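Enquirer: One structure follows; several queries about it will come next.
The values are calculated or read from the model by the stated rules, or taken from the named source; none is laboratory data. Keep in mind that what you see is a predicted model, and the values were worked out from it rather than measured. So basically every Cβ, Gly included, is an ideal-geometry build from the backbone, and we count neighbours across all protein chains shown.
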């Protein structure tokens, strides 16, 4: 299991590639040089336990929304493709861990709820 943190993916540098469905995602990679067409999800590609990834999975993928809504530098993500009911559908499943508190993040779009307490100046809001 390989968890990717923001530092490893270049998260926070403002960069990102748009997926075929128009969402900006730091894990999506596309290369169309001289007729060669390469599409890959680097988050799912690092997980050997995942089913095979296809660009159509980007349509309902939760990762772009997680990256847009939560800019916590301490959150590491792992993604994999899982089969749905009776194996007819496939979707992306995301597992998130806070590297500061070393806990599983139940709702990655919101965060762990602890990291904001460790930021400089956060004590002024504890009144």
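Enquirer: Inside the range 58-74, can you point out the residues that are farther than 29 Å from residue 118 by Cβ and surrounded by fewer than 20 Cβ atoms within 10 Å (Cβ to Cβ)?
Expert: Residues of the range 58-74 that are farther than 29 Å from residue 118 by Cβ, as a first pass: 58-61.
Correct list: 59, 60.
Enquirer: Run down 114, 54 and say which single residue is modelled with pLDDT under 90 and surrounded by 11 or more Cβ atoms within 10 Å (Cβ to Cβ). Step through it out loud before you land on a result.
Expert: On the way: 54 fails: modelled with pLDDT under 90.
Result of the check over 114, 54: 114.
Enquirer: Further question on the same structure: Checking residue 103 against (1) modelled with pLDDT under 90; (2) farther than 27 Å from residue 17 by Cβ: exactly one of these is not met. Which one?
Expert: Against the list (1) modelled with pLDDT under 90; (2) farther than 27 Å from residue 17 by Cβ, residue 103 comes up short only on (1).
Enquirer: Sticking with this one: For residues in the range 17-51 being in contact with a helix residue (DSSP H, G or I) (Cβ under 8 Å, 6 or more places away or on another chain) and more than 15 Å from residue 94 (Cα to Cα), which is surrounded by the most Cβ atoms within 10 Å (Cβ to Cβ)?
Expert: The residue in question is 19.
Enquirer: Condition first: assigned to a loop (DSSP other than H, G, I, E, B), under 12 Å from the mean Cα position of the chain (by Cα) and surrounded by 18 or more Cβ atoms within 10 Å (Cβ to Cβ). Can you find one or more residues in the range 80-103 that meet it? Step through it out loud before you land on a result.
Expert: Our first condition is that a residue be assigned to a loop (DSSP other than H, G, I, E, B); within the range 80-103, this holds for 84, 88-89, 99-102.
Narrowing further to those that are under 12 Å from the mean Cα position of the chain (by Cα): none.
The answer is no; no qualifying residue exists.
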